[in-house]
Amino acid sequence: MLALLVTAHPDDECMFFGPTLQSLRCQAVLVQLLCLSTGNAEGRGAERSVELVRACEALQVDRRDINILDDLKFQDGQSCVWSPDEVAAAVDRQLQQHEYDLVLTFDDYGVSGHSNHCATFAGIRQLAKAARLAHTSKPHFLMLESVSLLRKFSGPLELLIPRSACHDIAGDFVTLTASSSAAIRSAMALHRTQWLWYRRLFILFSRYTYMNTFKPMLV
């Protein structure tokens with residue numbers, strides 16, 4: 001099985017999708033990563049691209065399965081507006097290269113409300129809608145659930161909340177848990193340009209270090 005994870009910036013894969021990378025690997029699912037920007041908001045896009053590759057390799061994602069776009073249309077920044085049409089086109093080019101079973105990305109709030117995360121969702125939602133209209137069964141589009149502030153920073157306590165857990169990646173509601181939250185923190189630390197005090201706290205207390213919950217992308 002082949003999955004495509006689409007993120008907006010280098011470090012998204014560690015801050016938000018670490019449990020997904022670990023859990024899918026344990027299920028023998030090959031995960032490829034498409035990062036839509038180099039994270040060049042501070043002029044450090046080249047550095048951040050290298051950091052992304054190192055962090056992914058620490059999470060057992062081969063560098064040959066990583067595609068980082070350096071496109072003026074996708075500049076990192078809350079005030080940088082990404083066109084959903086352009087996002088859809090960029091992701092569709094990736095989809096044409098392989099027969100993916102699964103596409104994973106943010107939901108409409110994008111965990112943090114960052115405009116680039118939201119635009120990533122909006123673009124992929126267009127592809128999901130087109131796939132549904134064409135009655136194609138693959139890929140299956142899933143979006144990472146954004147939760148309330150309290151739950152967001154509940155850390156491992158979130159694992160104690162009763163839920164109908166499902167590890168079937170073709171299911172309607174998917175819960176993926178980290179096999180090693182320490183490994184995710186270590187991978188995030190490889191994003192040295194981003195390893196500031198508040199991100200250290202985030203990666204320690206965020207539920208996204210310990211688990212991910214996905215829902216089908218409704219169109």
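The values are calculated or read from the model by the stated rules, or taken from the named source; none is laboratory data. These numbers were taken from a predicted model, which means no experiment stands behind them. Neighbour counts run over all protein chains shown; Cβ positions are idealised from the backbone, glycine included. In case anyone asks, the SASA skips ligands and DNA or RNA and just uses the protein heavy atoms, side chains included. Shrake-Rupley method; radii C 1.70, N 1.55, O 1.52, S 1.80 Å.
So if I check each of Glu47, Glu57, Glu51, which one is over 26 Å from Asn212 (Cβ atoms) and at pLDDT 95 or above?
Working: Glu57 fails: over 26 Å from Asn212 (Cβ atoms); Glu51 fails: over 26 Å from Asn212 (Cβ atoms).
Within the list Glu47, Glu57, Glu51, the selection yields Glu47.
Only one of Ser180, Ser137 is polar (S, T, N, Q) and either in contact with a Phe, Trp or Tyr (Cβ under 8 Å, 6 or more places away or on another chain) or at pLDDT 90 or above (or both). Can you tell me which? Even if it seems obvious, please write down each step before you answer.
Details: Ser137 fails: either in contact with a Phe, Trp or Tyr (Cβ under 8 Å, 6 or more places away or on another chain) or at pLDDT 90 or above (or both).
From the options Ser180, Ser137, the qualifying one is Ser180.
Collect the residues in the range 17-27 that are open to solvent by less than 60 Å² (accessible area, probe 1.4 Å) and not in a helix (DSSP H, G or I), keeping them in residue-number order. If you could, list the steps in order and put the result at the bottom.
Filtering the range 17-27 down to residues open to solvent by less than 60 Å² (accessible area, probe 1.4 Å) leaves 17-24.
Hit for the range 17-27 is Phe17, nothing else.
Going by the conditions given, is Leu52 of a type in the set (A, V, I, L, M) and over 18 Å from Ile203 (Cβ atoms)? Even if it seems obvious, please write down each step before you answer.
Values: of a type in the set (A, V, I, L, M): yes; over 18 Å from Ile203 (Cβ atoms): no.
So Leu52 fails the test.
Tell me, which residue of the range 192-204 that is touching a Gly at 6+ places or on another chain (Cβ under 9 Å) and not polar (S, T, N, Q) is least open to solvent (accessible area, probe 1.4 Å)?
Narrowing the range 192-204 to residues touching a Gly at 6+ places or on another chain (Cβ under 9 Å): 193-194, 203-204.
With the extra rule that they be not polar (S, T, N, Q), the set shrinks to 203-204.
Details: Ile203: 2, Leu204: 72 Å².
Taking the candidates together, the pick is Ile203.
Taking Val81 as meeting all but one of (1) among the β-branched types (Val, Ile, Thr); (2) modelled with pLDDT under 95; (3) open to solvent by less than 20 Å² (accessible area, probe 1.4 Å), write down the number of the exception.
(3)
Residues of the range 41-78 being within 24 Å of Ala178 (Cβ to Cβ), assigned to a helix (DSSP H, G or I) and β-branched (Val, Ile, Thr), which ones?
Within the range 41-78, Val53 is the sole residue that qualifies.
Could you please give the count of residues in the range 63-74 that are more than 15 Å from Thr7 (Cβ to Cβ) and either surrounded by 13 or more Cβ atoms within 10 Å (Cβ to Cβ) or in contact with an Asp or Glu (Cβ under 9 Å, 6 or more places away or on another chain) (or both)? Talk me through it step by step, then tell me what you get.
Of the range 63-74, the ones more than 15 Å from Thr7 (Cβ to Cβ) are 63-64, 72-73.
Narrowing further to those that are either surrounded by 13 or more Cβ atoms within 10 Å (Cβ to Cβ) or in contact with an Asp or Glu (Cβ under 9 Å, 6 or more places away or on another chain) (or both): 63, 73.
Of the residues in that region, 2 qualify.
Quick one: which of Thr38, Thr105 is in a loop (DSSP other than H, G, I, E, B) and crowded, with 22+ Cβ neighbours inside 10 Å?
Details: Thr105 fails: in a loop (DSSP other than H, G, I, E, B).
On inspection, the qualifying residue turns out to be Thr38.
Taking the residues in the range 108-147 that are in a strand (DSSP E or B) and in contact with an Asp or Glu (Cβ under 9 Å, 6 or more places away or on another chain) as candidates, determine which candidate is farthest from Gly39 (Cα to Cα).
His140
Using beta carbons and a limit of 7 Å, which pairs, at least six apart or on different chains, have the first residue in the range 54-70 and under 21 Å from Arg93 (Cα atoms) and the second one among the polar types (S, T, N, Q) and not in a loop (DSSP other than H, G, I, E, B)?
Final answer for the pair search is Asp65/Gln32; Asn67/Gln94; Ile68/Ser49.
Please go through the range 4-29 and give me each residue that is closer than 12 Å to Ile66 by Cα and either hydrophobic (A, V, I, L, M, F, W, C) or touching a Phe, Trp or Tyr at 6+ places or on another chain (Cβ under 9 Å) (or both), ordered by number. Step through it out loud before you land on a result.
Residues of the range 4-29 that are closer than 12 Å to Ile66 by Cα, as a first pass: 4-7, 10, 13.
Result: Leu4, Leu5, Val6, Thr7.
Can you name the number of the only condition in (1) modelled with pLDDT of 95 or more; (2) open to solvent by 30 Å² or more (accessible area, probe 1.4 Å); (3) over 20 Å from Met143 (Cα atoms) that Leu30 fails?
Condition (3) is where Leu30 drops out.
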